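Chemist: Got a structure for you, questions after.
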Amino acid sequence: MTELAYLPTIDDAYLRTFRARVVALPPGGVVLDRTYFYPTGGGQPCDYGTLSAAGVGSWEVVDVTKSGASVVHRLKASASVLHQLKVGLELEGSIDWERRERHMRLHTSQHVLSARIFARTGRRTRRASFAGVRATLDLEGPIPDTAWEELAADLREVAASGQPIRIRQVPRAEWDRNPLSARSGLVPLPPQVDPVRVIDIGSVDICPCGGTHLRTTTAMGGLELEPPTPLPDGGVRVAFRLGGGPAEGPSA
Ligand SMILES: [Zn+2]
C-alpha cells in the first residue's frame, strides 16, 4: 500500500522532493511506502521526475500508475541497473515541477470553467482531460454562442480576483445531503468514497476531486479558450490552453 502524500492539503501538492522507502519491486517499477508523484487518473496525467539513492544510483520516472492500493513508479533503466534497488532501501523522489505546475494550472482552471459553464448555462461537464498545455471538457449539451465571450471574461475575472483554494474532508453522508454536490456535475462518485475530498475555490466552485490544484486562482494566469465543437452524442467539446501567467515555484 502507498500513502498518497500529495492529497491532504493544498500545500502538499507544492512539495517537489521527498524521502520514502521501497516496499515492492514489480517488473520495471518500484512501489514506495509513500509518494508525492501523482498517478494517472481522473483525466490528469501522471508526474515525471527521478528516484535516487545516495551511493547507489538515480532513475528516471517515466510513468506512474495506481495498482489497487499501491502506486507503481515505472523507471527508465535496464534490468541490471534495476537490480540495484532492494526492498527497504530509502530513496529520494524529485518531481518534474514544470510538468506538475502545468497540471495544477490546467486542473484548477478546469474546475473554474466547469463551474461557470454550469452557472451560466446549466450544462454539466461529463469528462475532462489534460495534456501538455491544453485541457478539454466534454459537456452534456450545446451552449449558446453568446455564452462564450461571457465565459472568457469570467475566467479573467476569477484569475484576477485571487480566490483562495482549500481542501476539506467531508463525511460521505454529509456530502450526499448537500445540494451543491451536483453543482459542476462531474461523474458520480463511486459508492466506496468516504470521506469525500472536496476542493473549494473561493466563492466559485465546490467539487470533489483527487487531483493536484493551485493555492489561489491568481496562479491560473491567462487562458486561451477555443470555440466549442460538436460531439456525435449531442454534447460539445470545449478546450483551453494555458497562456502567460505567474509561475509558482515548489515549496521544497
Ligand atoms: Zn480537481
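The numbers here are math on the coordinates, done by the rules we state, and not lab data. Every value quoted in this text rests on a predicted model; they were computed, and no experiment measured them. Every residue, glycine as well, gets a Cβ built from its backbone with ideal geometry; the counts of neighbours run over all protein chains shown.
Chemist: In the neighborhood of Phe240, defined by Cβ-to-Cβ distances under 11 Å, what is the net charge if each Lys or Arg adds +1 and each Asp or Glu adds -1?
Modeler: +1
Chemist: Calculate the dipole size of region 3-95 relative to its Cα centre from +1 charges on Lys and Arg beta carbons and -1 charges on Asp and Glu beta carbons; express the result in debye to the nearest 20.
Modeler: For this selection, approximately 220 debye.
Chemist: With no solvent and one point on each alpha carbon, what is the Debye value of log10 I(q)/I(0) for region 107-219 at q = 0.19, 0.20 Å⁻¹?
Modeler: The calculated log intensity ratios at q = 0.19, 0.20 Å⁻¹ are -1.05, -1.16.
Chemist: Provide, as a two-decimal number, the C-alpha radius of gyration of the chain over 2.2 N^0.38 Å, N being how many residues it has.
Modeler: Normalised by 2.2 N^0.38 Å, the Cα Rg of the chain equals 1.07.
Chemist: Tell me the angle of helix 97-121 to the major Cα principal axis of the chain, expressed in degrees between 0 and 90 and rounded to the nearest ten.
Modeler: That works out to roughly 20 degrees.
Chemist: So if I take the centroid of the Cα atoms in region 117-147 and the same for region 193-245, what is the distance between those two points in Å?
Modeler: Cα centres, region 117-147 to region 193-245: 9 Å.
Chemist: Could you work out [θ]222 nm for the chain from helices alone, using -39500 (n - 2.57) per DSSP H run of at least four and dividing by all its residues? Round to the nearest 500 deg cm²/dmol.
Modeler: Rounded to the nearest 500, it is -6500 deg cm²/dmol.
Chemist: Next up: Relative to the longest principal axis of the chain, what angle (0 to 90°, nearest 10) does the C-alpha long axis of helix 146-161 take?
Modeler: Here the helix axis deviates by roughly 50 degrees.
Chemist: Turning to a different aspect of this structure: List the relative contact order of region 3-95 as a percent without decimals, with contacts defined as Cα pairs under 8 Å and 6+ residues apart.
Modeler: Values: 194 pairs, mean separation 31.9, N = 93.
Worked out over region 3-95, it gives 34 percent.
Chemist: With the cut-off at 21 Å, report for region 1-87 the share of all Cα pairs above it, as a whole percent.
Modeler: When all Cα pairs of region 1-87 are counted, 24 percent exceed 21 Å.
Chemist: Can you tell me which of Glu98, Glu149, Glu226 moves the most in a GNM of the chain? Springs connect C-alpha atoms under 10 Å apart.
Modeler: Of Glu98, Glu149, Glu226, the Gaussian network model singles out Glu149 as fluctuating most.
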